[in-house]
Structure formats: C-alpha cells, structure tokens
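The values are calculated or read from the model by the stated rules, or taken from the named source; none is laboratory data. As the structure is a prediction and not an experimental result, all values here were calculated from the model. So basically every Cβ, Gly included, is an ideal-geometry build from the backbone, and we count neighbours across all protein chains shown.
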Amino acid sequence: DDDMRWRGEATRAARMNNPEMHTIYLPVSQWVFGAIGKTLSPAGDPARAERRFRLAFVLFEMIGIGLVLLALTRAGRSPWWATLYAWHPLALIEIAGSGHQDAIGLPLLVAGLLLASAKPERCRRWVWAIAAAALIKPFVVPAAAFVLRRSPPAAWGRALVIGIVVTGALGAPLLLSAGGAPVENLRATSERFALKWAHFGSVYEPLLTAIEWRTPAWGNDPQEQLARGICLLAFLIAGIIIWIRSRDAWRGMSALLLAMILLSPTAHPWYLLWALILLPMTRSRAVWVASLTLPWGYVVLADPVDWTVPAGVMVAAYVPIYAALLLDVGPGRPGRGDPSRTIAA
C-alpha cells in the first residue's frame, strides 16, 4: 500500500484484469487524462474521480453531437437525424456509463470530415483534427485518404507533412520520455493484443474453429495467427474496395469502420461508436442494426470462467447485420446524394 498513490488504489488494482500489462492509451488521450487529473486531489475520493472523468468524456461527446448538428444543417437535413446517435442507448451506456475514452476522438473525427467537406485541398483546415484523432485510435488515419480521394498528389503531400508535424508535436514529448520506455511498453502490449485478444468476431471465430478442426494441435498459436492473418488480408482488400467505390468521405469512413469491426478478432460494442456518430450523415442500415445487436456479445459476462459467447447468439447478432449490409451496397440504398458536396454548396 505504501506505493499506492491514492486511497483505495490497492483494492482496485487487485481486481484489475492483466495488471502486469501496460495500458496502450495514446498521447492525445494521455494529455486529456493528465488535464482532468490536474483538477483532482491525489488524496481525493476515487468515486468522485471516476465521475469527473466520465463527465469530461460526456462533454467531448456533446461537442461531437454539436458538430454533427452543424454538418446536418449545412447539408440541409433535419437536425433530428442527430438523435440516431445522441439518444442511442449504446452511446449513453458506453460513454456516460462505462466511461470509454473513445469519446475524446469522436468530435475530432467529425470536425475533420466537416472541415474538409468544402475544400479538401486546404489541408491546414482539417488534417490537424484527423491527426489528433489518430493519436487516440490510429484506425482514424484512413479518413484522410477518403477526403483526398479526388485530390491531386500535391494535396496528399501537404496532408502528409501536416499530419507528421501534428502527430510529432503531440506524441513525441510523451512517447520519447523515459528513454523511450513508453514506445516499448506500447509495443509489448499491442503485440499481446494482436496475438491473443479475441471477442465476438463475426469472421474470426468461425474461421478459427474451422482451422482448428482441420489442423488440430495441442497449442493453437499457429491457428490463431493464420486466422488473424486471413482476417487482416480480408480487411485490407475490403478497405481498398471501399476507397475505390466510396462516393464521399463520410460514407467511406463509416463503411471502413464497420468492416474493421466485422473482420476484427475483437468486436467490442464501443468500437462501433466511431461509425455510429457518423450515422446521421450516412444513414447506414448496417451500422444501425449493428448498434442494436453487437451489444449482445455482453452475454460473455454470464460465463466468467471460459468467457465464451454461445454460437446461437453470434448468429442472431450478425445475420441481421450482414443482411442490412447487403441492402446498403445494393440498389435503392438511402441517401444517394453526396453529403460533402451538399455541405460545400
């Protein structure tokens, strides 16, 4: 207890999963955590600190909702579309309830797409937001590629330079501190996640089962690596197809985020928040259905020994998502207009 920095930390630490692992929160998240922490007393009540953090995350989320309202207004659409996210139980539970730090990045992603809508070539207006969001969750980086899809190579070059400058300014002071130990800690934890973490993956779970059935072994590390490699390859192919076929950055990024969840070994419900906050602009059937069925993966909490989800739950959750996805990519899908061009007008 002598090494604990606040009252009750030892009790909380004893209940933590994998306490030997370092967290992988990236620099922008760490800056925000530090700023919130400055408002708290080290000897204060942990429950009060938790509420303070959740309140801060809700404020970030509200900024994101405000930006969505602005995007809808500029596109000439009803602001009521914003309720698809603002009043959604998933958003309320995962941010206000569970306090997931993804809320910090949501307004940055929306701001980047909104600022880029009028003139994507003016990289200084929007790249900073995408770069900052990428230092919360790196999967936001492709948003820049969707924005620049029809732009000349010079714009790509400017965006790359600005992105490097912004990420360097925000990330280097933290990542290069303590002799580079944060980079090594990040690498070690990320490697563990990449090799072993899995939950409710719609493609990964049945694929791994099939591979293990075909090539049984005492240890399943090779089978897991093969299944993850196939999912990664499928995601890269899907990403290229989405980029080629996307009509605008909003829908393109939304589709890519959904593909990431469907093809990832780990599909936690809060991962979907990044696509869900774009839903008022994209009106994706698949994202909407996923927001209703993906949380069914929480039935894993009923099996605290093996942490498994019954196959029937996976079928019930994912069949409607893939059915809605077929409707999205087929003829007659909603919102055929280009929201970015509408905003620009």
Practice problem: Just give me the residues in segment 34-62 being surrounded by 11 or more Cβ atoms within 10 Å (Cβ to Cβ) and either of a type in the set (Gly, Ala, Ser) or in contact (Cβ under 8 Å) with a residue 40 or more places away in the chain (or both), in sequence order. | Solution: GLY37, GLY44, PRO46, ALA49, GLU50, PHE53, ARG54, ALA56, PHE57, VAL58, PHE60, GLU61
Quiz item: Quick one: LEU301 ticks every box in (1) in a helix (DSSP H, G or I); (2) modelled with pLDDT under 95; (3) of a type outside the set (S, T, N, Q); (4) farther than 19 Å from GLU205 by Cβ bar one, so which box is it?
Solution: (4)
Exercise. List the number of the failed condition for THR282; all other conditions in (1) surrounded by fewer than 20 Cβ atoms within 10 Å (Cβ to Cβ); (2) at pLDDT 95 or above; (3) under 22 Å from ALA111 (Cα atoms) hold.
Key: (1)
Quiz item: When you scan segment 15-68, how many residues do you find that are charged (D, E, K, R) and under 30 Å from LEU84 (Cβ atoms)?
Solution: 5
Quiz item: Which pairs do you get when a residue that is closer than 12 Å to HIS268 by Cβ, found in segment 292-305, comes within reach of a residue that is among the polar types (S, T, N, Q) and exposed (fewer than 15 other Cβ atoms within 10 Å of the Cβ), reach meaning Cβ atoms under 6 angstrom, with the pair 6+ apart or on two chains?
Solution: none
Quiz item: Hey, PHE57 hits all of (1) touching an Asp or Glu at 6+ places or on another chain (Cβ under 9 Å); (2) at pLDDT below 95 but one; which does it fall short on?
Solution: (2)
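Would you please name the residue that is farthest from the chain's Cα centre (by Cα), looking only at residues in segment 175-186 that are surrounded by 12 or more Cβ atoms within 10 Å (Cβ to Cβ) and part of a helix (DSSP H, G or I)?
Filtering segment 175-186 for residues surrounded by 12 or more Cβ atoms within 10 Å (Cβ to Cβ) gives 175-176, 181-186.
Add one more test, that the residue is part of a helix (DSSP H, G or I), and what stays is 175, 181-186.
Working: LEU175: 21, ALA181: 25, PRO182: 22, VAL183: 21, GLU184: 23, ASN185: 21, LEU186: 18 Å.
Among those residues, the one meeting the criterion is ALA181.
Select from segment 76-104 the residues that are under 18 Å from PHE57 (Cα atoms) and hydroxyl-bearing (Ser, Thr, Tyr) and write down the one among them that is surrounded by the most Cβ atoms within 10 Å (Cβ to Cβ).
We begin by selecting, within segment 76-104, every residue under 18 Å from PHE57 (Cα atoms); these are 85-104.
Still in the list and also hydroxyl-bearing (Ser, Thr, Tyr): 85, 98.
Working: TYR85: 23, SER98: 12.
Among those residues, the one meeting the criterion is TYR85.
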Quiz item: Residues in segment 187-201: is at least one touching a helix residue (DSSP H, G or I) at 6+ places or on another chain (Cβ under 7 Å), in contact (Cβ under 8 Å) with a residue 40 or more places away in the chain, part of a helix (DSSP H, G or I) and not hydroxyl-bearing (Ser, Thr, Tyr)?
Solution: no
Self-check item: Count of residues meeting criterion [touching a residue at least 40 places away in the same chain (Cβ under 8 Å), buried (at least 24 other Cβ atoms within 10 Å of the Cβ) and within 20 Å of PRO27 (Cα to Cα)] in segment 141-151
Solution: 1
Quiz prompt | Conditions (1) surrounded by fewer than 15 Cβ atoms within 10 Å (Cβ to Cβ); (2) in contact (Cβ under 8 Å) with a residue 40 or more places away in the chain; (3) not in a helix (DSSP H, G or I): number failed by ILE136 | solution = (1)
Self-check item: Residue in segment 206-226 that is surrounded by fewer than 16 Cβ atoms within 10 Å (Cβ to Cβ), in a helix (DSSP H, G or I) and small (Gly, Ala, Ser) present
Solution: yes
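Just checking, which of TRP274, TRP250, TRP296 is among the hydrophobic types (A, V, I, L, M, F, W, C), within 14 Å of the chain's Cα centre (by Cα) and either at pLDDT 95 or above or assigned to a helix (DSSP H, G or I) (or both)? Don't jump to the end; show me each part of the working.
Values: TRP250 fails: within 14 Å of the chain's Cα centre (by Cα); TRP296 fails: within 14 Å of the chain's Cα centre (by Cα).
Unique residue meeting the criteria: TRP274.
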Exercise. Please give the number of the condition VAL287 fails out of (1) free of Cβ contacts under 8 Å to residues at least 24 places away in the same chain; (2) assigned to a helix (DSSP H, G or I).
Key: (1)
Self-check item: Lone unmet requirement of (1) of a type in the set (Gly, Ala, Ser); (2) part of a helix (DSSP H, G or I); (3) more than 23 Å from ILE321 (Cβ to Cβ) for ALA238
Solution: (3)
